[in-house]
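The values are calculated or read from the model by the stated rules, or taken from the named source; none is laboratory data. Everything numeric here is computed off the predicted structure, so don't read it as measured data. Methodologically, a virtual Cβ is constructed for each residue, glycine included, from the backbone with ideal geometry; neighbour enumeration extends over all protein chains shown.
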Amino acid sequence: MGAIQSYRLRLQRQRWRARAFRKRRELKCVVDRTDQIRADDILLFCTQRNEKIRLSYFLDYYRKQGVNHFFFVDNDSDDGALDYLRNQPDVSLWSTRSSYRRSRFGVDWLNWLQRKYAHGHWTLTVDPDEFLVYPFCDTRPLRALTDWLDASSIKSFSAMLLDMYPKGRLDEQPYHSGEDPIEIASWFDSGNYTMARNHAFTNLWIQGGPRARVFFEGEPAKAPALNKVPLVKWDRKYVYVSSTHMLLPRGLNQVYDEWGGEKASGVLLHAKFLDTFGAKAAEELERGQHYAGSVEYKAYAEQVKDNPQLWCKWSEKYINWRQLEILGLMSKGNWA
Amino acid sequence: MTASMGVAMLVHTALGRAEQVARHWAAADVPVVIHVDRNVPKKTYDGFVAALADVPNVLFSKRYRCEWGTWGIVAASQATSELMLASFPDVRHVYLASGSCLPLRPVHELIDYLAERPRTDFIESATTADVPWTVGGLDEERFTMHFPFSWKRHRYLFDKTVSIQRAIKLKRRMPHGLVPHMGSQWWCLTRQTLSAVLQDPERPKYDRYFRHVWIPDESYFQTLSRLYSTNVESRSLTLSKFDFQGKPHIFYDDHLQLLRRSDCFVARKIWPYADRLYEAFLTDAAGAMKKTEPNPGKIDRIFAKAVERRTRGRSGLYMQSRFPNEDWENGVTAAEYSMFQGFSELFENFEPWLHNATGARVHGHLFAPDRVHFAEGQTTLNGALSDNAIQRDYNPETFLTNLIWNTRGERQCFQFGPHDTQEINWRIAKDPNAQISVITGAWAVPLFRSNMDFTDIRRIAATLQKIESEHMDVLRSPYTKSRVRIWSMADFIEAPMEPLQGILDEIGQARIRRLSEAPKMVDLHGFGQFLQNLKNQGMHPYLMGDFPVERGPVSSTDVPRKPYLVK
């Protein structure tokens, strides 16, 4: 790494930090339960808008894994999500009516909250439709993983986004609050992911899956990035640069081995494609608050009329983490 | 009356668990001497001592500051051992354990096991030349250098002092009569050996020396016990596995059955929150006496595999946490595959024929410009790999490695040619898993049989010849690692059975031992004249080899149908 480039990245990191500091004024605290947090608690950070239907299962899922405290930023919900979250005993809640896009899709808000509250904690940053799966997650709590990462001097843990979808039309099977969305959207693409190194930030850039296969068939370069680093032993100097795809300092993006070995990694099951997606897509298209001019929702809107089927003959049905590890989507690394 | 075995326990975290284990030992009349790391705050320490106040035969030694890789741990072991030997005269064996060790078998089984071997010292101890598990490349040097800086806290200074000492060849001298030995720090020594080590008149000299050896807890007792012991059994009774960074593997609840079946006496290191393990092993009833020797084979294999996965990985897999640099892949692709160039042009039914003869999956032109021609005309393949050409060409290398990874266990064959996208050529050429068979110039056959204007044919032929010629340069380069076989078309049709047999043999899963039927060759009547016409137009087709003008009918109509026999 050249000294000049390293200095540039440092400046960039400072700029994101300053931006997060400025954006803190957009956040209004609704409930602050941060005094409950103990020194070694695992924290979860999440931005959401009108996702009330998903929240009950989401909170349960992560409570069971051993998350101790939740930080939510509510972006102008009108479906009762705000009141629902306010009454959860382990949630601290902020709300904002400002632009999601201008906070760089929530990154600025969360960067600020993380800087203020997450220093020294293992920190999970996910969306309400993302469910973390890590090696041995059926028998070991999240703390077993973070203790092991600590003992191995590892500061960040990657979990690739795996798009899950139902068999048949997306709107065929309605989702009800409290249900496991993976029971409906239980299929995924196992082996059509492309990857390339992003040399500036040393992260991998992973694309593919059903969205690339169906929505971005003709322009794969525009397909959404799937590489994510959601679990980080946070330090107040760190910032997320673009969603949870990459961080600064860039050493945190070095979650892959370059000499043939495998590091430990997990998967974020992405339960976006439920019956709720159609309405969501229409709303988001109107608001235009999503990444790259909501290109993804536009691509979907164009195809929604032709009865979109993400499922194909070679789709795999989700069983458990061992299946994902055998397929090579995640790895136990040297954790045994 | 105490048991004939005592436990010296070194504790630094998870004091609650240490207390549980100490009570477990003490309940079987095993005396316990505990050393608590000096770094533990006094208040916590006092609480810990008070919690164990009701247990008889538990003592606390003088406290030292224990940092990994430094003398403190040896000092602590010495202090606890001395206190043990002085306070409990019945003790014959002293077992060194840590706070995160967990006894797996009933305590009396261990006591009996040791009582049957009253003179044996269980201490893993090997000469430095023979130990592969040193981390950081310091084996011999840990005895001959000075280590004034902490490896954990001042890594830079630590590395610097090592390299300076290497440069100026500074060496410490070993005290006379010592042969450096290393091994697991968890031992079980007899009173005789241990007291000899601790009461040696030379001990101040040895201590002075080992104080500046790196990681002395793995060498102090290992070296000195060799001086006095009459019967060293070089293995540790504590099951303790280390990963490639030299840190111990940790046991969790899901290892319960594995640990039970290991028949080891003590295991480390246990995750402090592994409630089921502690509950299971600390409440085990005194079952039927097992006289079995410890047998950690299965656990060994699991952890060895974990290390292998971390250092070598799965060949041919590219994923979020394995993305090897070029030439460091340890296998570019996951399995062997075959690429054929010119065969489906020359033979009418090559693909079904090859499938029948080998059982392999035979694709068409995977890298064709219009779309991916998967076998049987499928539009997606294993792993939901799309047949869209744009998607494939977005990253053709990943397309290939994905294809081979997704179809592990089934041999893949595909066609290639100068029409196809050529971006993948180097990748395949450098892949030892690739078996490439080329009939050069066969691309001219479809042109010959086409119904195009001759000027177009001439132009296309010139382009294809140039592309194929460049590809052949790649395949013949010294960097090529794949198995390459190239025939000119003229050579090939001279005797097609022999190369075909060779290819089938190489694929190796041939359904038929000997090739009885060759695929049907296209009618080449007039092909020589066709080439001559190209020449007459000033385009020189050379990749096919020499075709006499009148040659065509001889070789094409009469493909041998009789069984091919080699004596």
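Annotations
- Residue match in segment A:145-158 (condition: of a type in the set (Val, Ile, Thr), touching a strand residue (DSSP E or B) at 6+ places or on another chain (Cβ under 6 Å), part of a strand (DSSP E or B) and modelled with pLDDT of 95 or more): no
- Meets criteria (crowded, with 16+ Cβ neighbours inside 10 Å, more than 9 Å from chain A (Cβ to nearest Cβ), at pLDDT 90 or above and more than 26 Å from the chain's Cα centre (by Cα)) for B:Leu277: yes
- Segment B:421-453, residues that are among the basic types (Lys, Arg) and over 17 Å from B:Pro396 (Cα atoms): B:Arg449
- Test: residue in segment A:28-35 that is touching a Phe, Trp or Tyr at 6+ places or on another chain (Cβ under 6 Å) and more than 30 Å from A:Thr276 (Cα to Cα): yes
- Taking first residues from segment A:256-283 that are farther than 30 Å from A:Glu302 by Cβ and partners that are assigned to a loop (DSSP other than H, G, I, E, B) and among the aliphatic types (A, V, I, L, M), the Cβ contacts under 6 Å between residues at least 6 apart in sequence or on separate chains come to A:Ser265/A:Met330; A:Gly266/A:Met330.
- Checklist (1) within 52 Å of the chain's Cα centre (by Cα); (2) buried (at least 19 other Cβ atoms within 10 Å of the Cβ) applied to B:Glu494, failing item: (2)
- Number of the exception - A:Leu170 against (1) away from every other protein chain (no Cβ under 13 Å); (2) part of a helix (DSSP H, G or I); (3) in contact (Cβ under 8 Å) with a residue 40 or more places away in the chain: (2)
- Scan of segment B:419-435 for residues that are closer than 17 Å to B:Asp327 by Cβ and among the β-branched types (Val, Ile, Thr), ordered by number: B:Ile424, B:Ile428
- Residues of segment A:159-183 satisfying the condition of being of a type in the set (D, E, K, R), in contact with a strand residue (DSSP E or B) (Cβ under 9 Å, 6 or more places away or on another chain) and closer than 17 Å to A:Ala281 by Cβ: A:Asp163
- Segment A:24-50, subset charged (D, E, K, R) and within 30 Å of A:Asp147 (Cα to Cα), residue nearest to the chain's Cα centre (by Cα): A:Asp41
- Scanning segment B:393-435 for residues that are assigned to a loop (DSSP other than H, G, I, E, B), under 26 Å from B:Ser469 (Cβ atoms) and small (Gly, Ala, Ser) yields one hit, B:Gly417.
- Yes/no for A:Ser190 being closer than 23 Å to A:Trp234 by Cα and either within 14 Å of chain B (Cβ to nearest Cβ) or modelled with pLDDT of 95 or more (or both): no
- Candidates B:Arg322, B:Arg310, B:Arg260 - the one that is touching a residue at least 24 places away in the same chain (Cβ under 8 Å) and at the interface with chain A (Cβ under 8 Å from one of its Cβ atoms): B:Arg310
- Only one entry in A:Glu217, A:Glu183, A:Glu179 is assigned to a loop (DSSP other than H, G, I, E, B), more than 10 Å from chain B (Cβ to nearest Cβ) and not small (Gly, Ala, Ser), namely A:Glu179.
- In the set A:Ser103, A:Ser99, only one residue is assigned to a loop (DSSP other than H, G, I, E, B), touching a helix residue (DSSP H, G or I) at 6+ places or on another chain (Cβ under 8 Å) and more than 23 Å from A:Asp41 (Cβ to Cβ); that residue is A:Ser103.
- Residue in segment B:375-392 that is nearest to the other protein chains (Cβ to nearest Cβ), counting only those that are surrounded by fewer than 19 Cβ atoms within 10 Å (Cβ to Cβ) and part of a helix (DSSP H, G or I): B:Ile390
- Residues in segment A:248-267 that are of a type in the set (D, E, K, R) and facing another protein chain (nearest Cβ under 7 Å): A:Asp257, A:Glu258, A:Glu262, A:Lys263.
- In segment A:107-124, the count of residues that are more than 14 Å from chain B (Cβ to nearest Cβ) and hydroxyl-bearing (Ser, Thr, Tyr) is one or more.
- Members of segment A:137-167 that are more than 14 Å from chain B (Cβ to nearest Cβ) and more than 28 Å from A:Gly208 (Cβ to Cβ): none
- A:Trp205 outside any loop (DSSP other than H, G, I, E, B), more than 8 Å from chain B (Cβ to nearest Cβ) and of a type in the set (Phe, Trp, Tyr): yes
- Within the set A:Gln323, A:Gln303, the sole residue that is outside any loop (DSSP other than H, G, I, E, B), away from chain B (no Cβ under 12 Å) and at pLDDT 90 or above turns out to be A:Gln323.
- In segment A:220-232, the residues that are more than 8 Å from chain B (Cβ to nearest Cβ) and within 16 Å of the chain's Cα centre (by Cα): A:Pro224, A:Ala225, A:Leu226, A:Lys228, A:Val229, A:Pro230, A:Leu231, A:Val232
- Residue count for segment B:330-346, restricted to those that are more than 14 Å from chain A (Cβ to nearest Cβ) and over 14 Å from B:Gly417 (Cα atoms): 2.
- Residue selected from segment A:234-247 under the condition surrounded by fewer than 20 Cβ atoms within 10 Å (Cβ to Cβ) and modelled with pLDDT of 90 or more, by the criterion farthest from the other protein chains (Cβ to nearest Cβ): A:Arg236
- Qualifying residue in segment B:356-374 (condition: part of a helix (DSSP H, G or I) and within 14 Å of chain A (Cβ to nearest Cβ)): no
- Failed criterion for B:Phe323 (all others in (1) closer than 25 Å to A:Met164 by Cα; (2) out of contact with any Leu (no Cβ under 6 Å at 6 or more places or on another chain) hold): (2)
- Evaluating A:Pro141 against the criteria (1) surrounded by fewer than 23 Cβ atoms within 10 Å (Cβ to Cβ); (2) under 18 Å from A:Ala271 (Cα atoms) leaves one unmet condition, (2).
- Flag if B:Gln199 is within 14 Å of another protein chain (Cβ to nearest Cβ) and surrounded by fewer than 17 Cβ atoms within 10 Å (Cβ to Cβ): no
- Boolean, B:Val74 is farther than 14 Å from B:Ser61 by Cα and of a type in the set (A, V, I, L, M): no
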